[in-house]
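Worksheet: one structure, shown below.
The values are calculated or read from the model by the stated rules, or taken from the named source; none is laboratory data. Since the structure is predicted, the reported quantities are computational estimates derived from the model, not experimental observations. Ideal geometry is used to build each Cβ from the backbone, glycine not excepted, and the neighbour counts take in all protein chains shown. Heads up: the accessible areas ignore ligands, DNA and RNA and are worked out on the full protein's heavy atoms, side chains in. Shrake-Rupley method; radii C 1.70, N 1.55, O 1.52, S 1.80 Å.
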Amino acid sequence: MTHYEQMIRLLVLLLCGLILVSCTQLRTEFYRNETGYLYEVGCSHYKAGAYDAAKIVLQELITLDPDYGPAYAALGNLAMIDEQYEQAYDYYQQAIDHDPELEKDILPFLLVSSMHKTRQPLTDSGVDLAVIYPLLMDEKIREIETLLEQDIPLELLTKDSVSATPGQLGELREKGAELAPEMKGFPNLQLFTAYLLFYGQGNESIAEELLLAITQTVQGSEKQEASILMGRMKEKQGNYVAAAKWYLAAVQAGSPIEDVANHLARIYQVDLQTILPPKNEADPETDNSVADETALKASPVSAPEKRAALSIDDETEFTLPKPHAVLITLPQ
């Protein structure tokens, strides 16, 4: 190839490069204009109250340009209006991910959507403290129990600061403590009241009586949850021996060990893996013949025969191991 031919080839390559760059710039400019136009149209619909039309346009926009942060923020606002809080939270998070400069403006809405997302089970059930408050003040125990028989996270309900003022929350605690003796046979209300008192000041003895009544009279999830809350109360009081035994009592009542593993790890000052069962026990199909005996001994709390040996009546039989100990000692 002659020097002249080499020069011609080089010029052709340079020309092709210039054409490609020009086309890319034109394409980028086209999309920039198109997304900007769609965003203005979407916002126009949004401001006019045509939310469905705004949603269609904004979704078309992010299909065209998945990195356009303001469109996600607008979709988050639309989801908030529709009370789709989990979806709103996701849209706001995506807006920040794609355009970090939006974080300052979006953060308040992100926090609000997060709060509503957390209390979504209460919204779905139609039961919150605003509903419970007048019923408890009027001592309508049976009616409250009927409401609480729904699949409602009672701890979330008692911590709901959206539907009740601090003053009303205080009144609920006082009334709950007053009516505690009359709650026999109403385990959901007993557990709800125990949570109320747990997060308040004083009345711990009443809360313990309620929880003890639940563990002695009912089975299933109520007994498990009451045992765990009793463990938390004992831990709050600094009685770690009793706390550990109540957490293990929850497991004995059928609660998955994963539900109390964090509590036990905190008390024993060990890693979570020390508390959780070895893989061969968690998976019945695993060949036990190849089980690691050392691993089995490292987590005796996971063994069913050890759980059965639990006695929560005689605390003198149970002693905590030294900090960072590997083994969890159960009474024999």
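Taken over region 54-63, the criterion of being open to solvent by 60 Å² or more (accessible area, probe 1.4 Å) and in contact (Cβ under 8 Å) with a residue 12 or more places away in the chain is satisfied by Gln59, Glu60.
Every residue, every condition in (1) in contact (Cβ under 8 Å) with a residue 60 or more places away in the chain; (2) closer than 19 Å to Leu154 by Cα; (3) touching a Cys at 6+ places or on another chain (Cβ under 9 Å), yes or no:
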residue	(1), (2), (3)
Asn188	no, yes, no
Glu208	no, yes, no
Leu211	no, yes, no
Lys236	no, no, no
Ala244	yes, no, no
Gln252	no, no, no
Asp259	no, yes, no
Leu264	yes, no, no
Tyr268	yes, no, no
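Considering region 170-205, the residues that are assigned to a helix (DSSP H, G or I) and open to solvent by 40 Å² or more (accessible area, probe 1.4 Å) include one that is modelled with the lowest pLDDT, namely Glu204.
Okay, residues lined up against (1) open to solvent by 50 Å² or more (accessible area, probe 1.4 Å); (2) over 20 Å from Phe186 (Cα atoms):
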residue	(1), (2)
Glu101	yes, yes
Ile106	no, yes
Leu110	no, yes
Val127	no, no
Asp138	yes, no
Glu149	yes, no
Ile152	no, no
Asp160	no, yes
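Applying the criterion of being among the polar types (S, T, N, Q) and part of a helix (DSSP H, G or I) to the residues of region 66-93, the residue that is nearest to Lys117 (Cα to Cα) is Gln87.
Cβ-Cβ contacts under 9 Å between residues 6 or more apart (or on different chains), taken from a first residue in region 33-53 that is within 17 Å of Gly76 (Cα to Cα) to a second residue that is among the charged types (D, E, K, R) and open to solvent by 30 Å² or more (accessible area, probe 1.4 Å), are listed as Leu38/Glu60; Leu38/Asp65; Gly42/Lys55; Gly42/Glu60; His45/Asp52; His45/Lys55; Tyr46/Lys55; Tyr51/Asp82. Among the residues making up region 230-262, a single one is under 22 Å from the mean Cα position of the chain (by Cα), assigned to a helix (DSSP H, G or I) and hydroxyl-bearing (Ser, Thr, Tyr): Tyr247. For region 210-229, indicate whether the set of residues that are touching a Pro at 6+ places or on another chain (Cβ under 6 Å), of a type in the set (A, V, I, L, M) and not in a helix (DSSP H, G or I) is non-empty. Looking through region 210-229, at least one residue is touching a Pro at 6+ places or on another chain (Cβ under 6 Å), of a type in the set (A, V, I, L, M) and not in a helix (DSSP H, G or I). Among residues of region 132-145 being in a loop (DSSP other than H, G, I, E, B) and free of Cβ contacts under 8 Å to residues at least 24 places away in the same chain, the one that is nearest to the chain's Cα centre (by Cα) is Lys140. Each residue in region 146-161 was checked for being of a type in the set (Val, Ile, Thr) and not in a helix (DSSP H, G or I), and 1 pass.
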